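Input: a single structure, listed below in structure tokens.
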């Protein structure tokens with residue numbers, strides 16, 4: 001009594017054919033070029049032996065253009081679930097060796113089914129995008145397939161984390177599925193992403209440009225802000241995925257992976273005092289402050305190359321996972337501008353969805369002045385920061401390092417925007433505007449009469465208002481602390497707010513200015 | 001788990017280090033333990049950055065609108081990459097304009113006290 005050998009032989013033969021994708025020679029050719037295959041990527045992502053494949057025997061149903069005679073293994077996309085660092089994750093990986101990874105009806109259905117599975121089970125979705133685009137032979141069915149994937153991206157958004165790796169071409173409409181996810185990682189050199197490529201741009205507008213300029217990883221990381229991380233190769237992209245997952249929960253009802261077993265260290269860190277320049281005009285590299293604030297100086301910066309006057313990223317502070325938002329005075333004096341407001345607001349909203357406490361480090365002289373900024377809609381964009389902080393119900397801890405001026409101070413999570421704890425260093429300057437400007441308005445007549453009085457008036461104003469104590473006297477600051485106390489105090493503030501629950505009136509969603 | 005003592009700036013920290021074996025599946029653990037390390041790399045800056053049209057090759061543009069406080073270089077001077085060429089003041093903060101690469105200062109295009117626009121060439125390097 002045993003299963004018929006012929007049944008097993010058929011299964012094995014069918015499996016082997018699917019595993020070979022577009023053919024063993026094509027898979028080898030990719031590997032020789034230093035590229036992983038669709039299945040290599042999943043093998044590298046998941047703990048070996050844990051991958052459960054969905055729809056391995058899927059076949060397209062196209063009857064046009066001779067397609068009925070062609071077999072497309074797995075319909076050019078491998079989908080399934082497995083364990084990443086011990087946690088279940090769903091993934092789909094497009095196979096460029098099969099019909100150029102093109103998306104047809106069944107291909108799209110497989111992706112949608114995997115996403116449905118992920119959202120029902122509450123696990124992250126990691127996609128590997130490597131596709132020539134729509135499968136034209138299937139006509140409008142492939143277009144509809146994209147629509148279904150987009151709809152599912154939106155359906156999942158805010159419930160489970162979605163991470164897209166752009167590992168090859170991602171052109172036209174295909175780019176919108178990654179764009180709807182939470183984080184995009186692009187592999188340098190082998191990936192590109194664009195709506196209209198150089199040929200179309202040339203034909204339509206006469207503008208000449210290269211593929212790198214339009215859709216390369218560097219352009220998207222530093223200029224368009226469309227992506228969050230650049231990877232050197234496939235293996236590095238997967239390392240980045242794992243690192244990112246290590247800071248975020250599997251879904252929106254779980255807490256992030258805090259490690260509350262670490263013993264609290266509540267002593268001072270004198271090195272933090274030494275970082276602060278004597279002169280308030282000397283820029284302080286906020287990355288140095290972050291390195292001392294977080295565990296093991298391990299700060300996982302998001303969108304490092306774009307809108308650099310604001311730094312955002314993940315870390316742990318004495319075991320508690322946090323999202324850090326910090327002004328960078330070394331770039332554009334730390335001002336908030338259109339791009340940095342967009343960057344900050346999106347990051348804050350991600351953290352709020354996934355229960356990640358926010359730690360805000362403030363050193364902001366104001367919003368960036370300029371005609372371009374005003375005409376570009378700095379009002380609308382800056383409002384996103386206010387909206388994102390105001391709407392966030394996770395623990396919000398704010399540390400005012402130095403400058404905190406005007407509306408930008410509010411937009412960096414002042415107490416009024418719902419911060420649970422606000423700490424200020426003695427170097428904090430919390431004021432409605434700078435002394436020079438304020439004195440010109442307050443003492444216009446006096447200065448007109450006696451211009452020599454201006455310097456004294458500025459000094460007087462600065463003494464009185466360019467400090468943390470006026471704000472502290474009005475209970476806008478929890479406490480003024482030595483920089484050396486920051487790590488210990490923030491760690492305690494986090495432990496004290498982890499059980500925070502804030503409920504608001506029910507609504508579909510607020511109307512963030514987009 | 002290994003317990004290590006790490007001293008940073010004279011202060012000793014006790015840390016627990018767990019060795020992660022990629023081959024085993026710690027099934028059932030709800031959260032990953034300490035993450036796999038992954039370095040973030042800087043991309044090569046794209047050729048068509050939003051570089052201001054006024055700045056030709058070798059010219060160093062002002063990163064923001066402000067006032068020139070100090071000029072730290074003079075024509076003919078040989079400078080290394082990262083050296084501070086000009087200090088600007090804007091938005092209550094000093095901004096250092098540094099040499100992006102080593103070279104010889106060909107011309108200094110502004111003087112102390114000048115107001116400058118974002119993107120305005122400040123120095124040309126050869």
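The set of residues from the range B:91-105 being on the phi < 0 side of the Ramachandran plot and part of a loop (DSSP other than H, G, I, E, B) comprises B:99, B:100, B:101, B:102.
Within the range A:27-47, the set of residues being closer than 24 Å to residue A:145 by Cβ and surrounded by fewer than 21 Cβ atoms within 10 Å (Cβ to Cβ) comprises just one member, A:39.
Filtered by the rule that a residue be at the interface with chain B (Cβ under 8 Å from one of its Cβ atoms) and touching a residue at least 12 places away in the same chain (Cβ under 8 Å), the range A:231-243 gives A:231, A:232, A:236, A:240, A:242, A:243.
One residue stands out among those in the range A:208-221 that are within 7 Å of chain B (Cβ to nearest Cβ) and in contact (Cβ under 8 Å) with a residue 24 or more places away in the chain: the one that is surrounded by the fewest Cβ atoms within 10 Å (Cβ to Cβ), which is A:218.
Checking each residue in the range A:271-280 for being assigned to a loop (DSSP other than H, G, I, E, B) and either more than 10 Å from chain B (Cβ to nearest Cβ) or surrounded by fewer than 16 Cβ atoms within 10 Å (Cβ to Cβ) (or both) picks out A:276, A:277, A:278, A:279. When A:319, A:267 are checked against the criterion of being at the interface with chain B (Cβ under 9 Å from one of its Cβ atoms), surrounded by fewer than 22 Cβ atoms within 10 Å (Cβ to Cβ), touching a residue at least 40 places away in the same chain (Cβ under 8 Å) and closer than 25 Å to residue A:395 by Cα, A:267 stands alone in meeting it. Quick check on residue A:110: is it farther than 17 Å from residue A:130 by Cβ and either within 14 Å of chain B (Cβ to nearest Cβ) or out of contact with any helix residue (DSSP H, G or I) (no Cβ under 6 Å at 6 or more places or on another chain) (or both)? Against the criterion (farther than 17 Å from residue A:130 by Cβ and either within 14 Å of chain B (Cβ to nearest Cβ) or out of contact with any helix residue (DSSP H, G or I) (no Cβ under 6 Å at 6 or more places or on another chain) (or both)), residue A:110 does not qualify. Residues in the range A:193-204 that are surrounded by 21 or more Cβ atoms within 10 Å (Cβ to Cβ) and within 12 Å of chain B (Cβ to nearest Cβ): 0 in all. Regarding the range A:222-230, can at least one residue be identified that is more than 9 Å from every other protein chain (Cβ to nearest Cβ), closer than 23 Å to residue A:394 by Cβ, part of a loop (DSSP other than H, G, I, E, B) and touching a residue at least 40 places away in the same chain (Cβ under 8 Å)? Yes, the range A:222-230 contains a residue that is more than 9 Å from every other protein chain (Cβ to nearest Cβ), closer than 23 Å to residue A:394 by Cβ, part of a loop (DSSP other than H, G, I, E, B) and touching a residue at least 40 places away in the same chain (Cβ under 8 Å).
Please tell me if residue A:45 is within 13 Å of chain B (Cβ to nearest Cβ) and touching a helix residue (DSSP H, G or I) at 6+ places or on another chain (Cβ under 8 Å). When the stated conditions are applied, residue A:45 passes them. Among the residues making up the range A:48-65, a single one is within 11 Å of chain B (Cβ to nearest Cβ) and either at pLDDT below 95 or loosely packed, with under 13 Cβ neighbours inside 10 Å (or both): A:49. A search for C-beta distances below 7 Å between a residue of the range A:136-148 that is part of a helix (DSSP H, G or I) and any residue that is surrounded by fewer than 16 Cβ atoms within 10 Å (Cβ to Cβ), counting only pairs 6+ apart in sequence or on different chains, returns A:137/A:64; A:137/A:65. Are any residues in the range A:209-221 assigned to a loop (DSSP other than H, G, I, E, B) and in contact with a helix residue (DSSP H, G or I) (Cβ under 6 Å, 6 or more places away or on another chain), and if so, which ones? The one that is assigned to a loop (DSSP other than H, G, I, E, B) and in contact with a helix residue (DSSP H, G or I) (Cβ under 6 Å, 6 or more places away or on another chain): A:209. When the residues of the range A:293-302 are filtered to those that are touching a helix residue (DSSP H, G or I) at 6+ places or on another chain (Cβ under 7 Å) and at the interface with chain B (Cβ under 10 Å from one of its Cβ atoms), the one that is surrounded by the fewest Cβ atoms within 10 Å (Cβ to Cβ) is A:297. Residues in the range A:169-189 that are over 19 Å from the mean Cα position of the chain (by Cα), surrounded by fewer than 22 Cβ atoms within 10 Å (Cβ to Cβ) and either within 13 Å of chain B (Cβ to nearest Cβ) or in contact (Cβ under 8 Å) with a residue 60 or more places away in the chain (or both): A:189 alone. Of the helices (runs of 4 or more DSSP H) lying entirely inside the range A:409-514, those carrying at least 1 residues that are touching a residue at least 24 places away in the same chain (Cβ under 8 Å) are A:435-442, A:454-465, A:469-473, A:486-497. Total residues in the range A:282-292 satisfying the condition of being modelled with pLDDT under 95 and surrounded by fewer than 16 Cβ atoms within 10 Å (Cβ to Cβ): the figure is 1. Could you tell me whether the range A:336-355 includes any residue that is within 12 Å of chain B (Cβ to nearest Cβ) and either within 26 Å of residue A:415 (Cβ to Cβ) or surrounded by fewer than 17 Cβ atoms within 10 Å (Cβ to Cβ) (or both)? Yes - at least one qualifying residue is present in the range A:336-355. Filtering the range A:369-389 to residues that are at pLDDT below 95 and outside any helix (DSSP H, G or I) leaves A:369, A:370. A single member of A:257, A:268, A:263 is assigned to a loop (DSSP other than H, G, I, E, B) and within 29 Å of residue A:307 (Cα to Cα), and it is A:257.
The values are calculated or read from the model by the stated rules, or taken from the named source; none is laboratory data. Bear in mind that the values here come from a model prediction, so they are computed numbers and not experimental data. Here Cβ is always computed from backbone atoms with ideal geometry, including for glycine, and neighbour counts include all displayed protein chains.
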